[in-house]
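All remarks here apply to the structure that follows.
The values are calculated or read from the model by the stated rules, or taken from the named source; none is laboratory data. Keep in mind that what you see is a predicted model, and the values were worked out from it rather than measured. Glycine also receives a Cβ, built like all others from the backbone with ideal geometry; neighbour counts cover every protein chain displayed.
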Amino acid sequence: MGKNEIDNLIEHAISGDKKDLEELLLSVQDIVFNLSLRMLGTLTDAEDATQDILVHIMTNLSSFRRESTFQTWVYRLSVNYLINYKKSMFSQYPMDFEFYGNDIRFAKTDEVEALTEEMSRELLSDELKMSCTNVMLQCLDSESRCIFIMGTMFKIDSRIAGEVLHITPENYRQRLSRTRKKVAGFLAYHCGLTETGFCLCQNRINYAISQGRVNPKKLEYTQLRPLDKSVLFQCKEEMEHLDALACSFEKLPCYQSTVTAYAIIEKLFHSKHLKKIQEF
């Protein structure tokens, strides 16, 4: 979607055109959802944050001054919100690489009763891999996590990323490099999808189920709809290699948002927020 088209949608949305407002939010809802999912680590938290951010975009649209692109403005709003988000599960129960590494090393996976007879272990293994990669990201502090996600999954140019994070492009590149090395080091030692790691998802399925990390009756990641490549304008389907050690990220997909612009607009136009929405 070109700049002129975006500008027209913004003008019409500010004037109260619900159809153009929906189209505008549709253009960014998948970006917001995927960023929220990687930043917060659980589907429930990502859905809540996505709805909050889309509402924030909607009710602050008149403050967009065209000093940057609309997408950059959306990234800035999203990042500011997510870095300071305190309602997520991992904000309440923070973790680090030492804790997660010990969980991987010392889990007694061979003593857990088999719980997966009625479901494909391959499907459950895929679910655990998607969950594990998201959990691993939570071992980073929120700003480093954001830098890592923007640099590897979204592949955002350092100039734009620096603008979003209010740091210089050079500082962004340096911090991205340090974070990549930290993640790569963890993967190299632990992840069995690398040449040197020892942990295999299929060996941890029963343990993950017993700990409530995977629910065979309610799979989350494998039920999400991957985004078609034709609509991935700033997201990428695969995360790039991390010094040849990012096998666990190699085919991590982006997903269609489970939170829709239409539902949010309908809800807000019939709520106490209506006056505020009409004001923009």
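Look at region 39-75 and say how many of its residues are among the charged types (D, E, K, R), over 18 Å from L26 (Cβ atoms) and modelled with pLDDT of 95 or more.
Taking region 39-75 and keeping what is among the charged types (D, E, K, R), we get 45, 47-48, 52, 65-67.
Within this subset, residues satisfying the condition of being over 18 Å from L26 (Cβ atoms) are 45, 48, 65-67.
Within this subset, residues satisfying the condition of being modelled with pLDDT of 95 or more are 45, 48.
The total comes to 2.
Can you confirm whether L232 is surrounded by 13 or more Cβ atoms within 10 Å (Cβ to Cβ), touching a helix residue (DSSP H, G or I) at 6+ places or on another chain (Cβ under 9 Å), at pLDDT 70 or above and among the aliphatic types (A, V, I, L, M)?
no
Does L219 count as closer than 24 Å to D45 by Cβ, surrounded by 17 or more Cβ atoms within 10 Å (Cβ to Cβ) and modelled with pLDDT of 85 or more?
yes
Please determine whether any residue of region 116-123 is out of contact with any strand residue (DSSP E or B) (no Cβ under 6 Å at 6 or more places or on another chain) and within 22 Å of S91 (Cβ to Cβ).
Of all residues in region 116-123, those out of contact with any strand residue (DSSP E or B) (no Cβ under 6 Å at 6 or more places or on another chain) come to 116-123.
When the remaining residues are screened for being within 22 Å of S91 (Cβ to Cβ), the result is none.
There is no residue in region 116-123 that is out of contact with any strand residue (DSSP E or B) (no Cβ under 6 Å at 6 or more places or on another chain) and within 22 Å of S91 (Cβ to Cβ).
Being within 23 Å of the chain's Cα centre (by Cα) and assigned to a loop (DSSP other than H, G, I, E, B) is the filter here, so list the residues in region 162-193 that pass it.
H166, I167, L193
Within the set of pairs 6 or more residues apart or between chains, which connect a residue that is under 14 Å from L268 (Cα atoms) inside region 10-25 to a residue that is basic (K, R) with Cβ atoms less than 8 Å apart?
none
Residues of region 64-81 being assigned to a helix (DSSP H, G or I) and either in contact with a Cys (Cβ under 6 Å, 6 or more places away or on another chain) or free of Cβ contacts under 8 Å to residues at least 24 places away in the same chain (or both), which ones?
Taking region 64-81 and keeping what is assigned to a helix (DSSP H, G or I), we get 70-81.
Once the filter is applied, which keeps residues that are assigned to a helix (DSSP H, G or I) and either in contact with a Cys (Cβ under 6 Å, 6 or more places away or on another chain) or free of Cβ contacts under 8 Å to residues at least 24 places away in the same chain (or both), region 64-81 yields W73, V79, N80.
Check R175, R213 and return the single one that is of a type in the set (K, R) and at pLDDT below 90. Step through it out loud before you land on a result.
Values: R175 fails: at pLDDT below 90.
Testing whether each residue is of a type in the set (K, R) and at pLDDT below 90 leaves just R213.
Can you name the number of the only condition in (1) in contact (Cβ under 8 Å) with a residue 24 or more places away in the chain; (2) more than 23 Å from D96 (Cα to Cα) that A161 fails?
It is condition (1) that A161 fails.
Only residues that are surrounded by fewer than 17 Cβ atoms within 10 Å (Cβ to Cβ) and β-branched (V, I, T): list them for region 45-71, please.
If the condition is that a residue be surrounded by fewer than 17 Cβ atoms within 10 Å (Cβ to Cβ) and β-branched (V, I, T), then T59, T69 are the ones that fit.
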